[in-house]
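K.L.:
Before we start, here is the structure in question, set down as structure tokens.
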């Protein structure tokens, strides 16, 4: 008689372990199954909702990911990562304005994390709000001066608003770290 691991699982930790194993093996549907089992055992386990949301994103189930991050926010409204995760799910589902709102909430909860600013700036740039994106990139760079992607994004935004010289300086700064897109764009615009 063969008994599957799923039949032996009884605790949230057991299910989460199996979910993570499947996620690592890129079997996202199985990961979702085990995260769901963990949630059934403990409906307030934020790590299970977060893991399931990440798995849902991998299979382009952005609605499911948004719902799971929303549940996490209900359970733990002071966790910036929950807002950041939901913002990314909204961004992937093309709800850019909703993503910007959630990036803003993440920033309010953790104003020192560079990636929140860089991501909000990028979302603004997607909406062609380059002037609005630049201060976000400024803050991302202030919080993490080695953030080559923020330099690159700010350089592009500056070029879009006719600040080519300053934009080229940012592209060259991003290029120093080997950021390929920055190197290519600097060669094109900054000779």
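K.L.:
Arranged from highest to lowest average of other beta-carbon atoms within 10 Å per residue, in what order do the peptides 131-137, 110-116, 74-80 appear?
P.N.:
Details: 131-137: 21.7, 110-116: 17.1, 74-80: 13.6.
Going by the mean number of other Cβ atoms within 10 Å, highest first, we get 131-137, 110-116, 74-80.
K.L.:
Compute the acute angle (0 to 90°) between the alpha-carbon long axis of helix 148-160 and the principal axis of greatest extent of the alpha-carbon atoms of the chain; round to the nearest 10°.
P.N.:
Compared with the principal axis, the helix lies near 50 degrees.
K.L.:
Also, I was wondering about something else. Report the relative contact order of the stretch 1-110, percent, no decimals, based on alpha-carbon pairs under 8 angstrom and at least 6 residues apart.
P.N.:
Values: 137 pairs, mean separation 18.7, N = 110.
The value is 17 percent.
K.L.:
Give the calculated FRET efficiency between residue 59 and residue 161 to the nearest 0.05, with a Förster radius of 41 Å applied to their Cβ-Cβ distance.
P.N.:
Values: r = 38 Å, r/R0 = 0.92.
Approximately 0.60, to the nearest 0.05.
K.L.:
What is the Cα coordinate range of the chain on the first, second and third principal axes, sorted by size from largest, in whole angstrom?
P.N.:
Principal-axis extents of the Cα atoms in the chain, largest first: 72, 32, 26 Å.
K.L.:
Can you tell me the mean projection area, over all orientations, of the convex hull of the stretch 1-110's alpha carbons? Units nm², please. Please list the in-between numbers first.
P.N.:
Values: hull surface 27.5 nm².
Projected area, direction-averaged: 6.9 nm².
K.L.:
What ranking of 67, 56, 142, 149 emerges when the number of other C-beta atoms within 10 Å of each C-beta is taken as an exposure proxy, fewest first? Could you put the intermediate results ahead of the total?
P.N.:
Working: 67 17, 56 24, 142 13, 149 20.
Going from least to most buried by this count: 142, 67, 149, 56.
K.L.:
Rounding to the nearest 10 and keeping the result within 0 to 90°, find how far the Cα-based axis of helix 164-175 lies from the longest principal axis of the chain.
P.N.:
50
K.L.:
Run the helix sum for the chain: -39,500 (n - 2.57) per DSSP H stretch of 4+ residues, divided by residue count, reported at 222 nm to the nearest 500 deg cm²/dmol.
P.N.:
Values: 12 runs with 147 residues, N = 191.
Mean residue ellipticity at 222 nm (helix-derived): -24000 deg cm²/dmol.
Every number here is computed from the coordinates shown, using simple stated rules; none is lab data. All values reported here derive from a predicted model rather than from experimental measurement. Glycine gets a Cβ as well: all are built from the backbone with ideal geometry, and neighbour counts include every protein chain shown.
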